[in-house]
Amino acid sequence: MAEGCTLYILRQIGSKSVSANSLTFSSHRERVSEMEDSQFDVIIVGAGVMGSATAYNAAKRGLRTLLLEQFDFLHHRASSHGESRTIRVTYPQKYYYPLVMESYKLWQEAQDQVGYQVYFKAPHLDMAPSDEQPTIRAVVDYCQTHAIPFQLLRRRQLAEKFAGSIDIPKGWVGVSNEYGGILKPTKAVAMFQTLAFKNGAVMLDNAKVVDIKKTRGDEGVEVFTASGKKFRGKKCVVTVGAWATRLVKTVSGIELPIVPLETHVCYWRIKEGQEGKFALGTGFPTFACFGDPYIYGTPTLEFPGLIKVGVHGGNPCDPDKRPWGPAVWMEELKKWVEERFMGMVDSSEPVIKQSCMYSMTPDEDFVIDFLGGEFGKDVVIGGGFSGHGFKMAPVIGRILTELAADGEAKGVDLKYFRIGRFKIPSKI
Ligand SMILES: Cc1cc2nc3c(=O)[nH]c(=O)nc-3n(C[C@H](O)[C@H](O)[C@H](O)COP(=O)(O)OP(=O)(O)OC[C@H]3O[C@@H](n4cnc5c(N)ncnc54)[C@H](O)[C@@H]3O)c2cc1C
């Protein structure tokens, strides 16, 4: 396949002006060769939300930025596509607090710049089978530590607060706060790519990176694609989602314990007359239920009359040979939908199932680090976002850019995200 998405790459490459009529195959090829002759400050591999947010941050700083993607831009074969992701501030681990809080601000800034909305505000509700359940206890502790106003709700209080839309069994608890919301994933990735382009980034899709090598006798790296192209960069940021373990092993021999899982987003039909209870803007929350399995969902937004409820989990998969298999825990999910929504949502079968991949680390914390070894600080990895990274993409983009450009990142304690925590033998 020919490399490159035509329109995106027209900026910044060479001095020739290009008219729409000249978008022929050969002129496109010419431009790719010009890119091969250029030296970039940073080459970003993988144009999911993390790579696209990084490209935006890097270009905004004035760095000569190249973003490479193995498939079409905005494809649906990885982790960053679809119609909704939850953003919430509550986490059992306190070190996510500054990252999420900064992200709220950065989502707002980015959507202001692009001129359309990707973030929709909603309250958030965490639920658990008892107030002794460790995750809900950690969430309460987290809210207290960070002075986040919250309500601890028993069954009747919760029914009152959410106008009879959600029922929890006796003995269960809910913790609600105002810091929830929905992000529009495909639209958000398009937003970062648009802003990256506007700030001068060069972007190329259908460009699968097969190797990254240290430039011989010089600073920087050479990035090689499947079709034999070579691009030169002072630094490289690898944000390849479910392909992280594979690519990093090829490049460095290091085997990261990042496991791709195939998971599903499920949409359920709300019974006629009840739709208003579950709609965004009515007070219905984004939610997470820390039971077995862990279940999450968002208010109705993208598909009127449907509500998204899914399971946080899936089956391990090979990202290059996707099984496109059935969703996990379906019987438990149906029971949950039936009982928690008191028969107001048809629980017989989801009406839409969308397949997606998680990139799981053993502790579900991210991987944000230098690759090290012969690459030292020239190659930065952002991966293992373990099914909860989307909300933090704007801040991850800032951090990865700073690591690449400055060798350190402000406002984040990377010790939770280092490769070294996996006790992988270092090549340094
Ligand atoms: C169903 C589902 C629900 C989720 N819900 C939430 C949520 O509610 N809240 C939340 O915060 N997060 C959520 N997440 C997690 C979030 O979506 C991910 O953490 C995030 O999208 C990961 O982005 P990424 O850029 O790391 O990976 P990806 O989106 O997978 O992007 C990696 C890109 O790299 C490309 N690539 C791979 N190899 C190469 C190569 N060799 N050369 C060039 N390109 C390459 C891939 O094609 C891909 O486009 C959810 C994820 C899923 C799947």
From the phi of every residue in the range 51-64, what ³J(HN,Hα) in whole Hz does the Karplus formula 6.51 cos²θ - 1.76 cosθ + 1.60 yield, where θ is phi - 60° and glycine or proline is x?
x, 5, 5, 5, 4, 4, 4, 5, 5, 4, 6, x, 7, 6
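Considering only lysines 8 or more places apart in sequence, or on different chains, count the pairs in the range 220-326 whose C-alpha atoms sit under 20 Å apart. Please report the intermediate quantities before stating the final value.
Working: Lys230/Lys249; Lys235/Lys249; Lys249/Lys321; Lys271/Lys308; Lys277/Lys308.
So the count works out to 5.
Relative contact order of the chain: what whole-number percent is it, with Cα pairs under 8 angstrom and at least 6 residues apart?
Numbers: 953 pairs, mean separation 93.4, N = 428.
Worked out over the chain, it gives 22 percent.
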Cβ charges +1 (Lys, Arg) and -1 (Asp, Glu), total dipole of the chain, debye:
440
If unit charges are put on Cβ atoms (+1 for Lys and Arg, -1 for Asp and Glu) and the dipole of the range 236-354 is taken about its Cα centre, the option from His312, Thr286, Val251 lying farthest towards the positive end turns out to be Val251
Beta bridge orientation in the range 175-311: antiparallel %, DSSP, nearest 5
95
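Over the range 266-320, calculate the relative contact order: mean separation of alpha carbon pairs under 8 Å at least 6 apart, over the residue count, as a percent.
Here the relative contact order equals 36 percent.
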Can you give the calculated 222 nm mean residue ellipticity of the chain, where each DSSP H run of n ≥ 4 adds -39,500 (n - 2.57) and the sum is split over every residue, rounded to the nearest 500 deg cm²/dmol?
-8000 deg cm²/dmol
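Just add up the charged neighbours of Asn177: K/R +1, D/E -1, any other residue whose Cβ is under 13 Å from the Cβ of Asn177. Write out the running numbers ahead of the final one.
Working: positive: Arg88, Lys121, Lys161; negative: Asp126, Glu178.
Counting the neighbours of Asn177, the net charge comes to +1.
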Given Lys161/Lys415; Lys94/Lys184; Lys391/Lys415; Lys60/Lys214, which pairs have Cα atoms separated by over 30 Å?
Lys161/Lys415
Residue (of Phe73, Gln133, Leu158) at the positive-pole extreme of the chain, dipole from beta-carbon charges:
Phe73
Mean Cα-pair separation over length for the range 154-193, i.e. relative contact order, pairs under 8 Å, 6 or more apart, %
35
Estimated inter-spin distance, Glu408 and Tyr95, nm [label 7 Å along Cα→Cβ]:
1.7
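Listed highest first by mean packing, meaning other Cβ atoms within 10 Å per residue, what order do 69-78, 210-219 come in?
Numbers: 69-78: 18.1, 210-219: 12.7.
Ranked from most to least packed, the peptides come out as 69-78, 210-219.
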Cα long-axis angle, helix 134-145 against the chain (0 to 90 degrees, to the nearest 10):
80
Taking Cα atoms, the helix 185-198 axis meets the longest principal axis of the chain at an angle in degrees (rounded to 10) of 30
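Mind ranking 179-190, 151-162 by how tightly packed they are, going by the mean number of other C-beta atoms within 10 angstrom, highest first?
Details: 179-190: 21.2, 151-162: 16.2.
Put in order of decreasing packing, that is 179-190, 151-162.
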I'd like the per residue volume of the convex hull spanned by the Cα atoms of the chain, given in cubic angstrom.
143
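Quick note: the coordinates plus some simple rules give every number you see, no bench work behind them. These numbers were taken from a predicted model, which means no experiment stands behind them. As a convention, Cβ positions derive from the backbone with ideal geometry for all residues, glycine included, and neighbour counts pool all protein chains shown.
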